[in-house]
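There's a structure below that I have some questions on.
The values are calculated or read from the model by the stated rules, or taken from the named source; none is laboratory data. The structure displayed is predicted, hence computed values, not measured ones. With ideal geometry, Cβ positions are generated from the backbone for all residues, glycine too; neighbour counts draw on all protein chains shown.
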Amino acid sequence: MRRVILAAAITLAVVVAGVLLSSRGSRGSAPGAVGETAAPSRPAPSWPGGVAPGAGGRMDQDALVAQLRFRYGAHIEHPYVQLKMLERLIPYFRAQSPEHWRELLLDLLRAAFPDRYAELAANLQHWLDYERWMDEQRTTLQGLDDEKRRAAIREARERIFGKEAAANIWASELKNQAAADALRTADALQGATVSERLERYKEGLEDVYQEQTEPYLERHRQEALDRFLDLDSVQKDLSALAPEDRERSLREIRQGLGLSEEALQRWDTLDRERDARWDAGARYMQEREALAKQLSGDALEERLQELRARYFGAEAGSIAAEEQSGFFRFSRPRRWGRN
């Protein structure tokens, strides 16, 4: 019987190998938060590389084990890596063999990582316990505010996986949450200037990423800039400034988040182009409103075509199509540094 199960495991495993080879896992998901578990909605991918597997022979098992070791072996000691591997295997084994999936998966893990088998088996059980807890608590969690929900999930993770392992598995998610908290803190500063909000945001990022702050910004500089500029308090402060002061403030924000002088000059040029465009848009809307009070029907549309051509040139047709759909771009709020 065990040989039959093992052969079934090998046959099933080769079906999922393509997913394992192409996966590029990102931190911050597991059942409920390493990721939801569900049967795949599409057929499982076939064996990669053009190799036709046999009916479950030894070479098939050896090839699969080699691929698993290649994909995960260098860092298999980390709980995060183990959980990401399990997260990818479990839904496929469940879908293909609902009755025996767990035994099949354990056989594969034992063959691939015998020295880590006890850890992997334990983490599989932890994963299932956490998945069950998330399912049972889903309604309760939805009724909590963000802070209480995060605290409840953190407590469950630490109880099920252990505090150290939970910190390893969800390290990236926790950092992202802390960075978002730094933004909220900067946004909530009462009576602060844009410069003071920026300094508080940067301090918050340094608290989260410490010596990795600059490498983090190298990878996410534009994202960090956009998130800061999207703060309502920052947009309100920028709107209250004179044009020259606003231009200096935008440059200070971008420079403070590490943009090069060359990039700053490109942004200066783009800001001026945007300002000119919005000024033209404001004048267009004023004249459009005046025409709409005087004319209607074809007569109005003829004059509007002339007006759009004068203000927007080659884009006049796009503006007309937007207006026909009920969208008036220059009636939107101006988001300084963003549009």
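Please tell me if Leu270 is closer than 28 Å to Ser233 by Cβ, without any contact (Cβ under 8 Å) to a residue 40 or more places away in the chain and surrounded by 11 or more Cβ atoms within 10 Å (Cβ to Cβ).
On the way: closer than 28 Å to Ser233 by Cβ: yes; without any contact (Cβ under 8 Å) to a residue 40 or more places away in the chain: yes; surrounded by 11 or more Cβ atoms within 10 Å (Cβ to Cβ): yes.
Judged against the criteria, Leu270 is a match.
Quick check: anything in region 161-179 surrounded by 13 or more Cβ atoms within 10 Å (Cβ to Cβ), under 30 Å from Ala122 (Cα atoms), modelled with pLDDT of 95 or more and of a type in the set (Asp, Glu)?
no
Just name the residue that is modelled with the lowest pLDDT out of those in region 96-110 that are in a helix (DSSP H, G or I) and buried (at least 18 other Cβ atoms within 10 Å of the Cβ).
Step one: of region 96-110, the residues in a helix (DSSP H, G or I) are 96, 101-110.
Filter once more, keeping what is buried (at least 18 other Cβ atoms within 10 Å of the Cβ): 96, 101, 104-105, 107-109.
Details: Gln96: 80, Trp101: 92, Leu104: 88, Leu105: 91, Asp107: 91, Leu108: 90, Leu109: 94.
Of everything passing the filter in region 96-110, Gln96 is modelled with the lowest pLDDT.
Answer yes or no: is there a residue in region 272-292 that is of a type in the set (S, T, N, Q) and either within 30 Å of Asp226 (Cα to Cα) or assigned by TED's automatic domain parsing to the domain that holds Ser195 (or both).
Residues of region 272-292 that are of a type in the set (S, T, N, Q), as a first pass: 286.
Applying the additional criterion that residues be either within 30 Å of Asp226 (Cα to Cα) or assigned by TED's automatic domain parsing to the domain that holds Ser195 (or both) yields none.
No - not one qualifying residue is present in region 272-292.
To keep it simple, each residue is scored yes or no on (1) within 19 Å of Arg334 (Cβ to Cβ); (2) surrounded by fewer than 11 Cβ atoms within 10 Å (Cβ to Cβ); (3) aliphatic (A, V, I, L, M).
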| site | (1), (2), (3) |
| --- | --- |
| Gly281 | yes, no, no |
| Gly297 | no, yes, no |
| Glu302 | no, no, no |
| Arg310 | no, no, no |
| Ile319 | yes, no, yes |
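Of the residues in region 231-264, how many are surrounded by 15 or more Cβ atoms within 10 Å (Cβ to Cβ), under 17 Å from Arg200 (Cα atoms) and not aliphatic (A, V, I, L, M)?
Summing the residues that are surrounded by 15 or more Cβ atoms within 10 Å (Cβ to Cβ), under 17 Å from Arg200 (Cα atoms) and not aliphatic (A, V, I, L, M) in region 231-264 gives 8.
Another question, then. Just to be sure I understand the filter: pairs with C-beta atoms under 9 Å, separated by 6 or more residues or on different chains, first member in region 89-100 and closer than 16 Å to Trp127 by Cβ, second member at pLDDT 85 or above and among the aromatic types (Phe, Trp, Tyr). Which pairs pass?
Pairs that qualify, where the first residue is closer than 16 Å to Trp127 by Cβ and the partner is at pLDDT 85 or above and among the aromatic types (Phe, Trp, Tyr), are Ile90/Trp101; Ile90/Trp127; Tyr92/Trp101; Phe93/Trp101; Arg94/Trp101.
Name the one entry in Ala179, Ala192 that is within 24 Å of the chain's Cα centre (by Cα), more than 16 Å from Glu87 (Cβ to Cβ) and not charged (D, E, K, R). Break it down into steps so the answer makes sense when it comes.
On the way: Ala192 fails: within 24 Å of the chain's Cα centre (by Cα).
On inspection, the qualifying residue turns out to be Ala179.
Being of a type in the set (Gly, Ala, Ser) and farther than 26 Å from Ala182 by Cβ: is that true of Ala276 here? Before you say what the answer is, go through the steps one by one.
Working: of a type in the set (Gly, Ala, Ser): yes; farther than 26 Å from Ala182 by Cβ: yes.
Yes.
Where the second residue is charged (D, E, K, R) and outside any helix (DSSP H, G or I) and the first is over 20 Å from Asp107 (Cα atoms) and in contact (Cβ under 8 Å) with a residue 60 or more places away in the chain and lies in region 121-146, which pairs have Cβ atoms under 9 Å and are six or more apart or on separate chains?
What qualifies is Glu131/Glu36; Met134/Glu36.
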